Amino acid sequence: MNLLDWWYGLVGLSIPAVVIYTLIVTHLTIMSVTLYLHRHSAHRALDLHPALAFFFRAWLWLTTGMNTKQWTAIHRKHHALVETEDDPHSPKIYGLKEIVLRGTEYYRASATEETLEKYGKGTPDDWWEQHVFTAHSFWGIGSMMAANLLLFGSLGVVIWAVQMLWIPVLAAGVINGVGHAIGYRNFETPDASTNIVPWGILIGGEELHNNHHTYPNSAKFSVKPWEFDMGWFWIRLFSIFGLAKPRSTGPVVARQDDKAHIDMDTVWGALNDRFRVMSRYAESVVGPLAKLEIRAADAATRRLFRRAKNVLCREEMLVRERDRRDIKAILESSPILKTIYEKRLELNAVWAKRGGSREDLLHAFRNWCVEAENTGIQALREFVVELKSYTMPLARSPA
């Protein structure tokens with residue numbers, strides 16, 4: 001091989017072609033993480049054909065050196081202990097800058113034997129894992145570097161470097177950091193997760209992080225009509241060829257418009273879909289009533305009421321000191337907003353009874369609906385009508 005061959009490699013691609021190739025292979029790495037490691041291994045939301053699962057595992061060995069059991073265990077621990085001192089990578093605990101810049105270090109620090117044993121169950125432990133993928137993790141990335149140098153010459157080093165940095169930057173930094181600090185929230189989950197952008201393309205749908213934390217066992221991350229999950233696109237495509245099968249795409253509930261009574265099916269249906277129920281409460285009850293109060297308020301109070309929907313519906317752990325002052329001022333200035341705020345807290349308390357007896361849960365749910373109707377607030381009455389329409393599809397609720 002002469003000097004010119006070394007510079008351009010065996011393939012001799014142009015710079016634009018190299019850029020396209022790099023985007024393709026990094027996208028493949030992202031898909032391996034989101035489909036295989038995340039949705040299939042960590043959450044069991046997706047079944048993959050063994051051949052496709054093995055391909056993703058081998059590709060990750062070549063491009064990242066990541067271990068399935070390690071990644072799975074750390075991610076499960078993140079969900080189990082989210083936003084606590086034991087969360088492997090919470091920007092609420094360690095700071096956004098720390099996670100964005102040093103996310104990989106926090107990831108490695110969490111890979112203890114205790115974590116792997118407790119959260120890593122059900123991951124591959126075959127000959128390939130024992131003798132190749134785990135035993136010789138650096139062989140993969142070394143082989144990829146050699147292949148890049150042979151094919152692309154000196155540019156192969158750049159391609160390899162991008163491949164090596166792609167997951168640490170986008171996953172360990174952006175998703176674990178920015179995805180718990182900046183963005184919008186469809187659901188008030190008991191954590192700080194956000195949807196970074198509504199179109200999950202660059203990071204395979206992982207951008208829709210709040211949606212995922214709301215329904216972690218769903219193979220589909222998009223929930224709104226305007227949201228796009230690239231990972232779900234590939235799942236649908238693989239499904240056509242029998243290579244993938246989603247286990248879940250969210251809570252299984254049904255609505256029956258003419259249903260006017262409350263039974264356990266109503267409770268189970270609303271409970272299963274409680275995050276959407278509370279999101280609907282914000283949109284159909286708090287939002288419209290706050291707008292009415294804004295119209296009737298003076299200039300000073302109007303500025304306060306403009307924040308009402310956001311602060312009155314915010315997850316408790318995300319309420320800042322300024323928010324608490326605003327909430328107190330809003331409740332003192334508006335009896336109707338005070339009522340719907342208190343009813344929201346009471347409804348959340350009903351959901352908290354899901355670990356108790358059926359009778360207590362049914363009694364608490366019925367009482368909340370009666371009290372909401374008795375407030376005389378039309379928006380609350382209409383909301384109760386919606387709640388009564390919930391039921392369980394096909395089968396009855398569990399005993």
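Annotations for the structure displayed:
- About the Cα centre, charge dipole magnitude for the chain (Lys/Arg +1, Asp/Glu -1 at Cβ), debye: 840 debye
- Folded to 0 to 90 degrees: helix 321-333 orientation relative to the chain principal axis, Cα: 20 degrees
- Helix 230-240 and the longest principal axis of the C-alpha atoms of the chain enclose an angle of approximately 80°.
- Cα-based shape type of the range 98-178, given that a ≥ b ≥ c are square roots of the gyration tensor eigenvalues and the cut on a/c is 1.5: oblate
- Of LYS69/LYS245; LYS121/LYS245; LYS338/LYS388, those spanning more than 27 Å from alpha-carbon to alpha-carbon: none
- When the square roots of the Cα gyration tensor eigenvalues are ordered a ≥ b ≥ c, the ratio a/c for the range 172-230 is under 1.5, which makes its shape rounded.
- Sorted largest first by accessible area at a 1.4 angstrom probe radius, with every protein chain in place, the residues VAL18, VAL252 fall in the order VAL252, VAL18.
- With θ taken as phi - 60° and the Karplus curve 6.51 cos²θ - 1.76 cosθ + 1.60 applied, the whole-hertz 3J(HN,Hα) list for the range 209-217 is 6, 5, 4, 5, 5, 6, 10, x, 8 Hz, x standing for glycine and proline.
- Computed about its Cα centre, the charge dipole of the range 1-118 is approximately 220 debye, with only Lys, Arg, Asp and Glu carrying charge at their Cβ.
- Annotation: per residue accessible area for the range 15-98 equals 37 Å², rounded to a whole number [probe 1.4 Å, protein chains only].
- Of ALA260, GLY200, THR214, farthest towards positive along the dipole that unit charges on Lys, Arg, Asp, Glu beta carbons give the range 186-294: GLY200
- Residues whose placed amide H lies under 5 Å from that of TRP199, excluding near-sequence neighbours: PHE228
- Accessible surface of the chain, 1.4 Å probe: 60 percent of it comes from carbon and sulfur atoms.
- Residue-level accessible surface for LEU155, protein heavy atoms, 1.4 Å, Å²: 50 Å²
- Per the Debye formula on identical point scatterers at the alpha carbon atoms of the chain, with no solvent, log10 I(q)/I(0) at q = 0.06, 0.08, 0.09 Å⁻¹ is -0.31, -0.53, -0.65.
- In terms of its C-alpha gyration tensor, the range 342-387 comes out prolate, because a/c is 1.5 or above and the ratio a/b outweighs b/c.
- The range 206-287, relative contact order in percent, only Cα pairs under 8 angstrom and at least six apart counted: 23 percent
- Distance from the alpha carbon centroid of the range 123-188 to that of the range 222-289 works out to 32 angstrom.
- Cα-based helix-to-principal-axis angle, 50-63 vs the chain, degrees rounded to 10: 70 degrees
- The chain: relative contact order in percent, alpha carbon pairs under 8 Å with at least 6 residues between: 16 percent
- Debye intensity ratio in log₁₀ form over the Cα atoms of the range 128-268, taken at each q of 0.17 Å⁻¹: -1.10
- Accessible surface computed residue by residue for the range 283-384, with neighbouring protein chains in place and a 1.4 Å probe, gives 55 Å² per residue.
- In this structure, the amide hydrogen of ALA244, modeled 1.01 Å from its nitrogen in the peptide plane, lies closer than 5 angstrom to those of HIS49, SER239, counting only residues at least 5 positions away or on a different chain.
- Listed residue (PRO91, LEU101, LEU37) projecting farthest to the positive dipole end of the range 29-116, Cβ model: LEU37
- Solvent exposure ordering (accessible area, 1.4 Å, most first) of MET31, MET278, MET317: MET317, MET278, MET31
- Part-to-part distance (alpha-carbon centres) for the range 59-102 and the range 310-344, which is given in Å: 33 Å
- Within the chain, longest stretch free of exposed chymotrypsin sites (Phe, Trp or Tyr not before Pro) [DSSP loop, at most 14 other beta carbons within 10 Å]: 1-225
- Each of TYR21, ALA270, ALA53 was placed along the dipole of the chain (beta-carbon charges, centred on the mean Cα), and the one lying farthest toward the positive end is ALA270.
The values are calculated or read from the model by the stated rules, or taken from the named source; none is laboratory data. Computed from a predicted structure; not experimentally measured. Note that each Cβ is placed from the backbone with ideal geometry, even for glycine, and that neighbours are counted across all protein chains shown. Surface areas here come from the heavy atoms of the whole protein model, side chains and all, with no ligands, DNA or RNA. Shrake-Rupley method; radii C 1.70, N 1.55, O 1.52, S 1.80 Å.
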